[in-house]
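S.K.: This is the structure I want to talk about, given as structure tokens.
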There are 4 protein chains.
Amino acid sequence: MRTFECDYTEGVHPTILKALSETNMVQMSGYGFDPYTVSAAEKIKAVCNAPDATVTFLVGGTQTNMIVLDLLLAPYEGVLSPKTGHINVHEAGAIEFTGHKVLALRENDGVLDADALEAYLTTFYADATHEHMVRPGAVYLTHPTEYGTLYTKAQLSRIRALCDRYDMKLYVDGARLGYALGCPENDLTLSDLADLCDAFSIGGTKLGLLCGEAVVFPKEAPKMLLSQVKRHGGLLAKGRVLGVQFDAVFTDGLYEKIGKEAIRHAKRIQKILLQKGYALAWNSPTNQQFIILSDAEAEKLRAFVGFDLWGRADEGHWIARFTSSWSTTDADVDELENTLPETAALMQS
Amino acid sequence: MRTFECDYTEGVHPTILKALSETNMVQMSGYGFDPYTVSAAEKIKAVCNAPDATVTFLVGGTQTNMIVLDLLLAPYEGVLSPKTGHINVHEAGAIEFTGHKVLALRENDGVLDADALEAYLTTFYADATHEHMVRPGAVYLTHPTEYGTLYTKAQLSRIRALCDRYDMKLYVDGARLGYALGCPENDLTLSDLADLCDAFSIGGTKLGLLCGEAVVFPKEAPKMLLSQVKRHGGLLAKGRVLGVQFDAVFTDGLYEKIGKEAIRHAKRIQKILLQKGYALAWNSPTNQQFIILSDAEAEKLRAFVGFDLWGRADEGHWIARFTSSWSTTDADVDELENTLPETAALMQS
Amino acid sequence: MRTFECDYTEGVHPTILKALSETNMVQMSGYGFDPYTVSAAEKIKAVCNAPDATVTFLVGGTQTNMIVLDLLLAPYEGVLSPKTGHINVHEAGAIEFTGHKVLALRENDGVLDADALEAYLTTFYADATHEHMVRPGAVYLTHPTEYGTLYTKAQLSRIRALCDRYDMKLYVDGARLGYALGCPENDLTLSDLADLCDAFSIGGTKLGLLCGEAVVFPKEAPKMLLSQVKRHGGLLAKGRVLGVQFDAVFTDGLYEKIGKEAIRHAKRIQKILLQKGYALAWNSPTNQQFIILSDAEAEKLRAFVGFDLWGRADEGHWIARFTSSWSTTDADVDELENTLPETAALMQS
Amino acid sequence: MRTFECDYTEGVHPTILKALSETNMVQMSGYGFDPYTVSAAEKIKAVCNAPDATVTFLVGGTQTNMIVLDLLLAPYEGVLSPKTGHINVHEAGAIEFTGHKVLALRENDGVLDADALEAYLTTFYADATHEHMVRPGAVYLTHPTEYGTLYTKAQLSRIRALCDRYDMKLYVDGARLGYALGCPENDLTLSDLADLCDAFSIGGTKLGLLCGEAVVFPKEAPKMLLSQVKRHGGLLAKGRVLGVQFDAVFTDGLYEKIGKEAIRHAKRIQKILLQKGYALAWNSPTNQQFIILSDAEAEKLRAFVGFDLWGRADEGHWIARFTSSWSTTDADVDELENTLPETAALMQS
């Protein structure tokens, strides 16, 4: 049976592979000046309803966060992030590598606590010695979050208002953005993100590309963008690799379809997990589903199906993750339904 | 009346000023190759009982923390610090400027919680994805802490043992070290610090020098030390300025005397504060004394005496700081005793 | 007619595309732990005759130079490079971004002048104040060079000897390495590079991959390699993208064949250029051929064939580049032969 | 006899020492908020005829160059410097430490060749790929230069015009500025520097202070100046140390007098050297005088007088430096005149 470990275990969506194959021997300029990259940027601007935006393409998620934040922030500024934010935990210090402090704040199932944000800012500016501290220059958040949870438009608008009040940029890391957009619970459109953010990324790697993240700067284009990307080691000679892929995935609503389909599968997976007696760690509306397993259960369950031991819940228990993706099929989920033992039966197996 | 705001409101201890004056027109080599700098280093090695140590002199406290940690850490490593540690809060991001993440841990009145440290390390290395996270390469702590509190030799030894187990360096920031050494409650000698640490600083600025921190590397000398210090902007052309001052303050036990005297004054100040009815924010055995004042009390009290509004206790209350130093006299404390109103009387004044 | 502008105007070699397609729906672990990446590394170790080597895969050339040098150098060290070296001119400051100075030396048609190197080192260490200067910690060079020229084994051995004498690392940037290996004039094998270098790269992007550079550390593996690569933004979630491609190109001698074929075409191109009366800017034995054109000639010639205006020769003249690559066919060169006007006829056209 | 090795072999000018002593026990605020620092800044603004300038004080020369350039430049920009510029040679990579490339240009006896500067900029912007290269964001020069030579107002004005044309900042490192200002050949006033520069430093360390450089930003104040200085490790707790010294040296024209007196001595030294038959390496109008000595002569001469072996002229010859300073007396120069052997007699001695 296929593993449900994560959403980047396969290569590339067949439609995108076809686009790569068909354009393969066409000669094109390098460094993103090819027509496919230009077209992809135009399609993204259209779907974001942001005609004045600047769109660029980078290879990976950590690289994207590192570069975008380094371009948004003044050298001496730090970035506010939920404590569980990818940049604060799982990027091997890439943000600090570029000289910026990550200022970690309280969160709830991965969602930045806007009260904690407001309290931090009020306290910071009330402190007479705040020039000895790191000025918060941006807010970073992920949508969906590392916990698969979502911001509402109201929450993001409140954070935007705080950014305006305290002269900060807002950056949304959308490494799995397609899985939020495909979700009935989600009320944040690409157009909303373009309205509310100074920058956001549209993840490709986890949505069926070989690699690639699109970055949208809806308002102000960073100065010397190509030069800055190259300085960070992020410029591809064959920019077409990203351009052709993003052009294909933003044609005929493919990005949207991929997200919707994966969410349909995720809802079934959640239902199956619950029916079989597994306890959700928390309620994730998106493509990652999290359950609690005892160490012994986790050990047993691995014989039946591939999943991710995502983290420790407490001593004796794991949080396990089941993920749907662009590559999940109905047959995969059917097989899961047939194979997955009920919790009651698991320890007898 | 003199202010008790902080311990760097005056210039330089008269004995040190005399040394500067007397050596003023002697021609000496630059960059720390003068005989006074050499002598100061020897005296410090002797008092630390560390004949193989390397001792160098830097100008300021933040500079010292930035340089020492950047030299101790591999480029990709971070430093564990109590959440309230100076490097985590009050150095404007100088550690991140050099590319290192500060990994903040729970503390108790400024003292790093060794249980939290151990739990962090156990969890970190149990996580299969820890190479995606920042490797903790050193532990940073201050003695005395930002709260005026002290580590015991037992506590520091336990932290050292954890450093050994997890291949980390231990660095003690001693910006106010003399005020710990002069304290009856303190059981950590310079010799103990040389035994337990990979590096520690001996603060001069707050102990009566114009400026200057001595740094002791008891075991391994950093490679290319002069070059690295210069690269960080920390090398003085007239190294003598630091050499002469540290040579003087480590002659005839002056450093020790300064610490002891200031602590004697601090104990009296604490007693006076308590007698007059003020509530300690916590019990600091060293030269900084912290009390709780309501906003109204703080406002009133400023008419009587100079102190520092150190931080907020909660909405409506300040933590106020009274500091003794190398420059405090018996007459200063007598005047405080005579002038300070009792809490009961304060709001009627 | 196809352009001869550069060697990355097409996508991916058909054999590699086939490998990507055939493995596309196979589920694999991320971050380079998939079997194809492991296999590719083994094949490269074998062909380099370096069983103890560490091999890793990165996305682009500037990223590779930035990461490899930052891992080889101590933070305070700089890197010696020919003045025309890619890191010194065309990487938008990526080396300085990681804190290292590029120390530029005299070169001859792109080849580092070993006399200049030796003189630099002798002078440097004879200078009593050299600790105020940047310690040279590595030598960087490209093979073939930016001018398409080659190092001999004797030259590289001499540079290695200097590295040994002065405690420096040697890194060879092989962005176009396949085109050197395919060249009859070349006497440096992969095995020689493994003997002589501390690190070298084997370029993929310009040899028919979508993207990707292999990096070989023949002797000492860098500490915490995955973590360091991620910290620089260089870690791919779908490491398979690089693994499958390099596994394919190092199967059945494909890398070697690609290089040889392109060189065969380049020799014909050179011959055609000379026969038609064009003057070589210098003699390049590899896949890039450089000629001198007056501004008027350059303008005229663009109507006949695509080439690169590589740089200015002097006021009034260009250096123009014609490049063969993995994608060049006999038919392409035939067409060039038929189309390219003789210099005498060019200005009448 | 006193050595003429360099201009920082003594401590502090007696008038400044007096000021430090007299203010020593006055309690003042830290971090540059004391009245002496404020007064010093006002006096400097007045003497520079720059009422809108921002003036700040740093400890050392390398620190000053590192901080000022990092504040003037965008993160991705480099700085143009004469090849012999202090930042390019003798700062252990401090500029690259902050991420900026030093772009070295041809010079004549230390003076940036404005033709080379113009040619560089013209070529740079004519290159279609210049976004792959480091954008020149500032010009750095020293006045007087490392060779003791001077820029004319016409030269500096031409460089300013190029800065305007190519959107660059101009920074003059005045580590020895007082010795230029005291020179009859100099036609650049402090007021001219304020007109022409975006920032310049007024050196204290070499002009009789214990340590300290004043930095003037005549036009635009850097954002978050205190915070940025602290982030670079440059903020002094006892800012008074710099404030009192600069206040004293800018009182009653002391800075000017120090410069003039030292130049008077330097002119005599030059005359003595020439009369005794020594050959100038080049003509320096300021406080550093450079002569050529054979290795044997250098060895002999050291028995008579202290000087600096500044660098190699060629194999077999040194460039030797004799320096006057704020501490040089007529008696010192008389003694030099009496003691220095004639070249003819030197090898017989």
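FYI, it's all coordinate maths here, none of it is from the lab. Since this is a predicted model, take the numbers as computed values, not measurements. Ideal geometry is used to build each Cβ from the backbone, glycine not excepted, and the neighbour counts take in all protein chains shown.
S.K.: Name the chain B residue nearest the rotation axis between B and A, going by Cβ position, and give the distance in whole Å.
M.R.: Spelled out as residue then distance in Å, it is B:Glu96, 2.
S.K.: Classify the protein assembly as shown from the C-alpha gyration tensor, please: rounded if a/c falls under 1.5, else prolate or oblate depending on whether a/b exceeds b/c.
M.R.: On the way: a/c = 1.98, a/b = 1.18, b/c = 1.68.
Note, shape of the protein assembly as shown comes out oblate.
S.K.: Also, quick follow-up: In nm, what does the list of distances from D:Gly316 to its counterparts in the other copies look like, shortest first, when each label sits 7 Å along Cα to Cβ?
M.R.: 4.2, 8.8, 9.0
S.K.: Run a plain Debye calculation on segment D:255-346 (Cα atoms as equal point scatterers, no solvent) and give log10 I(q)/I(0) at q = 0.12, 0.15, 0.22 Å⁻¹, rounded to two decimals, same order as the q list.
M.R.: Normalising to I(0) and taking log10 leaves -0.34, -0.54, -1.11.
S.K.: Report, for A:Asn49, each distance to the same residue's label point in the other copies, shortest first and in nm; define the point 7 Å along Cα→Cβ.
M.R.: 5.9, 6.6, 7.4
S.K.: So how far, in whole Å, is the C-alpha centre of segment B:159-221 from the one of segment C:122-145?
M.R.: 36 Å
S.K.: Sticking with this one: Only loop residues by DSSP count here, and only those with at most 11 other Cβ atoms within 10 Å; note down the GluC sites (Glu not before Pro) in segment A:283-339 that meet that. Mind dumping the intermediate values first?
M.R.: On the way: sites: A:Glu297, A:Glu299, A:Glu315, A:Glu335, A:Glu337; in loops: A:Glu315.
Here the sparse-neighbourhood loop sites are A:Glu315.
S.K.: Moving to a separate point now. Can you work out the Karplus-derived ³J(HN,Hα) for every residue in segment D:69-75? Use 6.51 cos²θ - 1.76 cosθ + 1.60 with θ = phi - 60°, whole Hz, and x for glycine or proline.
M.R.: Calculated HN-Hα couplings, in order: 5, 5, 7, 6, 8, 5, x Hz.
S.K.: Which lysines, if any, have their Cα less than 16 Å from the Cα of A:Lys223, not counting same-chain residues under 8 positions apart?
M.R.: Answer for A:Lys223, where 16 Å is the Cα cut-off: A:Lys169, listed by chain and number.
S.K.: Which residue, C:Thr62, C:Thr189, C:Thr286, tops the fluctuation ranking in a GNM of chain C built on C-alpha contacts under 10 Å?
M.R.: Of C:Thr62, C:Thr189, C:Thr286, the Gaussian network model singles out C:Thr189 as fluctuating most.
S.K.: Amide H of A:Leu170 versus every other amide H placed in the peptide plane: which residues, excluding those fewer than 5 positions away on the same chain, fall under 5 Å?
M.R.: So A:Leu170 has HN proximity to A:Val139, A:Asp198, A:Ala199.
S.K.: Amide H neighbours of C:Glu107 under 5 Å, counting only residues 5+ apart in sequence or on other chains, H built in-plane at 1.01 Å?
M.R.: Amide H to amide H, under 5 Å and 5 or more residues apart or across chains, C:Glu107 pairs with C:Lys83, C:Asp113.
S.K.: Turning to a different aspect of this structure: For A:Phe217, A:Phe124, which order do you get if you count the other beta carbons within 10 Å of each Cβ and list the fewest first? Please report the intermediate quantities before stating the final value.
M.R.: On the way: A:Phe217 23, A:Phe124 16.
Taking fewest neighbouring Cβ atoms as first place, the list is A:Phe124, A:Phe217.
S.K.: Using r as the Cβ-Cβ distance of B:Arg264 and A:Asp164, and R0 as 60 Å, what FRET efficiency do you calculate, to the nearest 0.05?
M.R.: 0.65
S.K.: Going by how many other beta carbons lie within 10 Å of each one, how would you line up C:Asp164, A:Asp127, fewest first?
M.R.: Details: C:Asp164 10, A:Asp127 15.
By the 10 Å Cβ count, ascending, the order reads C:Asp164, A:Asp127.
S.K.: Rounded to the nearest 20 Debye, what is the dipole magnitude of the protein assembly as shown about its Cα centre when Lys and Arg each give +1 and Asp and Glu each give -1 at the C-beta? Please list the in-between numbers first.
M.R.: Values: 128 positive and 180 negative charges, 0 e Å.
So the magnitude is around 0 debye.
S.K.: Follow-up. Please give the charge dipole size of segment B:255-346, origin at the Cα centre, charges +1 on K and R Cβ atoms and -1 on D and E Cβ atoms. Round to the nearest 20 debye.
M.R.: Working: 11 positive and 14 negative charges, 63 e Å.
Dipole magnitude for segment B:255-346 comes out near 300 debye.
S.K.: Right, next: Calculate, for D:His130 and D:Asp252, the FRET efficiency according to 1/(1 + (r/R0)^6) with r their C-beta to C-beta distance and R0 45 Å; round to the nearest 0.05. Don't jump to the answer; show the numbers that get you there.
M.R.: Details: r = 51 Å, r/R0 = 1.13.
Between D:His130 and D:Asp252 the formula returns 0.30.
S.K.: Just going by the charge dipole of chain A, with Lys and Arg at +1 and Asp and Glu at -1 on Cβ, which of A:Val38, A:Leu181, A:Ala248 is farthest out on the positive end?
M.R.: A:Val38
S.K.: What whole-number distance in Å separates the alpha-carbon centres of segment D:272-338 and segment A:271-314?
M.R.: 81 Å
S.K.: Please give every one of the aspartates and glutamates within straight-line cross-link reach of C:Lys45, meaning a C-alpha to C-alpha distance under 20 Å, and leave out same-chain neighbours fewer than 8 residues apart.
M.R.: Counting by Cα, and skipping residues close in sequence, C:Lys45 has these aspartates and glutamates nearby: C:Asp34, C:Asp173, C:Asp187, C:Asp192, C:Asp195, C:Asp198, C:Glu213, C:Glu220, C:Asp247, C:Asp252, C:Glu256.
S.K.: Tell me which lysines have Cα within less than 18 Å of C:Lys257's Cα, excluding those fewer than 8 residues away on the same chain?
M.R.: C:Lys18, C:Lys43, C:Lys206, C:Lys267
S.K.: What is the order of D:Asp252, A:Asp332, C:Asp34, D:Asp295, fewest Cβ neighbours within 10 Å to most? Provide the component values of the computation, followed by the final result.
M.R.: Details: D:Asp252 10, A:Asp332 18, C:Asp34 24, D:Asp295 13.
Arranged by neighbour count, lowest to highest, D:Asp252, A:Asp332, C:Asp34, D:Asp295 become D:Asp252, D:Asp295, A:Asp332, C:Asp34.
S.K.: Taking the label point as lying 7 angstrom from Cα along the Cα-to-Cβ axis, what are the distances from C:Thr122 to the corresponding position in the remaining copies, in ascending order and in nanometres?
M.R.: 3.8, 6.2, 7.2
S.K.: Apply the Karplus parameterisation 6.51 cos²θ - 1.76 cosθ + 1.60, with θ equal to phi minus 60°, to every residue of segment A:307-317 and state each ³J(HN,Hα) to the nearest whole Hz, in sequence, with x for glycine and proline.
M.R.: Residue by residue, segment A:307-317 yields 8, 10, 7, 6, x, 7, 7, 6, 5, x, 9 Hz.
S.K.: Using a Gaussian network for chain B with springs between C-alpha atoms less than 10 Å apart, which of these wobbles most: B:Met168, B:Met25, B:Met133?
M.R.: Evaluated over chain B, the most mobile residue of the options is B:Met25.
S.K.: Taking chain C as a Gaussian network, Cα atoms linked when under 10 Å apart, which of C:Tyr255, C:Tyr31, C:Tyr179 shows the biggest mean-square fluctuation?
M.R.: Among C:Tyr255, C:Tyr31, C:Tyr179, the largest mean-square fluctuation in the Gaussian network model of chain C belongs to C:Tyr31.
S.K.: Sequence gap at least 6, Cα distance under 8 Å: using those rules, report the relative contact order of chain B to the nearest whole percent.
M.R.: Working: 663 pairs, mean separation 86.1, N = 349.
After rounding, I find 25 percent.
S.K.: Related question: Would you mind checking segment B:235-271 for residues with the amide N under 17 Å from a putative spin-label position 7 Å along Cα→C-beta of B:Asp330?
M.R.: The answer is B:258, B:260-269, whose backbone nitrogens lie closer than 17 Å to the label point.
S.K.: Using 0.36 nm per residue, how much length does the chain from A:Gln348 to A:Lys83 gain when fully extended, once their Cα-Cα distance is taken away?
M.R.: Numbers: separation 265, 0.36 × 265 = 95.40 nm, distance 3.91 nm.
Residue separation times 0.36 nm, minus the Cα-Cα distance, leaves 91.5 nm.
S.K.: I've got another one for you. Taking amide hydrogens as modeled 1.01 Å from N in the peptide plane, which residues meet the under 5 Å criterion relative to D:Gly32, leaving out close sequence neighbours?
M.R.: D:Gly239, D:Arg240
S.K.: Give me the orientation-averaged projected area of the Cα convex hull of chain B, in nm², one decimal.
M.R.: Details: hull surface 72.7 nm².
The number I arrive at for chain B is 18.2 nm².
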